[in-house]
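Colleague: If you scroll down you'll find the structure; I have some questions about it.
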Amino acid sequence: MAIHQAKYILTHYIAAKAQKKTAGFTLPELLMGMVVALITLYAVLSLVVSLLGTEQRETAKSQTQQEMAQALDYIAAELREAVYIYPGDCLRRTNIPESCPSFNFIPNNVDVQPVLAFWKLERFPVDDLKIDNDDTLENNLAFYTLVIYSLRRDNPTNIWQGPGRITRFNLPKYTREQLGNENGQETPGYNGFNGDFANWNSNGVQFNDVPLVDGVDLGLQPERVACPSTYTVSPPPQPNVLLSNLSSFYACVSNPGGINTVQEAMVFLRGNAAARGGASGSRDAAFLPTVQTRVQARTRFGQ
């Protein structure tokens, strides 16, 4: 009897094991597995998106900071060749001092603001000089060139990433094409300038500025650094002239003195990487890289 019972139990045990091996998942088990898989997939995708966003922001900030630094280096290199830097008051839209020339050839609108204006020495290789009626060229192999850096507001509908850009305008006595022509004439608007910076006649100048760098901030914060007592801020803040009040591109210029006085300029520049970093309109400090430099200009010819 006991043997029969043992055989019965063993037979049922083997049958149950075989049935369990061939049985599939139940519906609740399948649903639970899908939920766990979806949660895991969502977590992984969220992590990937977060990492990509962080990389995009860091790359945008790094690129913008590098571009601002390169632009400032370019400006500083020209300022080192400057023989005269105009005080900020000369770049006012109204109430311009008598000691300043008229810069009325610069468009007087809300989208452009001159920030730095100076005369520098322009040098050319001797082989380029074919004009034989200019003692300045013959004796110095150089001449004065006016350079103006301006801040422009970007139009959202154009090709610029914004919010603003720096442009450069220059007025040389001669262009390279003119230097290669024995009958070359002065650039229109130069007007026989001979170093009288305050009384220069700007009639006939065409303001054709070209972009230097894009991605410049157009904000009031952080505020401007206070200039030393013997310096003037350029451009000076002016009522109802937004671009003149910004702290994103400005300079502190030491007041010009005698003929052998060396001027200095402290230039401040702030970029805006928010749009490039996928966070357009953000004022997060992480998107606002700032660079600055202090430059000592030279004196007049031969100094």
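The values are calculated or read from the model by the stated rules, or taken from the named source; none is laboratory data. Since the structure is predicted, the reported quantities are computational estimates derived from the model, not experimental observations. Please note: Cβ atoms are built from the backbone with ideal geometry, for glycine as well, and neighbour counts cover all protein chains shown. Just the protein is used for accessible areas: all its heavy atoms, side chains included, with ligands, DNA and RNA removed. Shrake-Rupley method; radii C 1.70, N 1.55, O 1.52, S 1.80 Å.
Colleague: If you take the beta carbon distance between residue 155 and residue 198 as r and set R0 to 51 Å, what does 1/(1 + (r/R0)^6) give as a FRET efficiency, to the nearest 0.05?
Modeller: Working: r = 35 Å, r/R0 = 0.69.
With R0 = 51 Å, the Cβ-Cβ based efficiency is 0.90.
Colleague: Let me ask you something else. Just to verify a number: what accessible area does residue 160 come out at with the full protein assembly present, 1.4 Å probe, Å² rounded to tens?
Modeller: Surface accessible to solvent at residue 160 totals approximately 80 Å².
Colleague: Give me a comma-separated list of calculated 3J(HN,Hα) values for the range 236-249, in order, Karplus coefficients 6.51, -1.76, 1.60 applied at θ = phi - 60°, integers in Hz, x for any Gly or Pro.
Modeller: Karplus-based 3J(HN,Hα) across the range 236-249 equals x, x, 10, x, 6, 10, 4, 5, 7, 9, 6, 10, 8, 8 Hz.
Colleague: When the convex hull of the C-alpha atoms of the range 69-108 is computed, what volume per residue in Å³ does it have? Could the numbers behind the result be given before it?
Modeller: Details: hull volume 4.0 nm³, N = 40.
So the per-residue Cα hull volume is 101 Å³.
Colleague: Here is a further query. List every residue whose amide H lies under 5 Å from the amide H of residue 248, counting only residues 5 or more places away in sequence or on a different chain, with H placed 1.01 Å from N in the peptide plane.
Modeller: Correct list: 219.
Colleague: Follow-up. Treat each spin label as a single point 7 Å out from the Cα along the C-beta direction, and report the residue 208 to residue 96 distance in nm.
Modeller: So the label points at residue 208 and residue 96 sit 2.2 nm apart.
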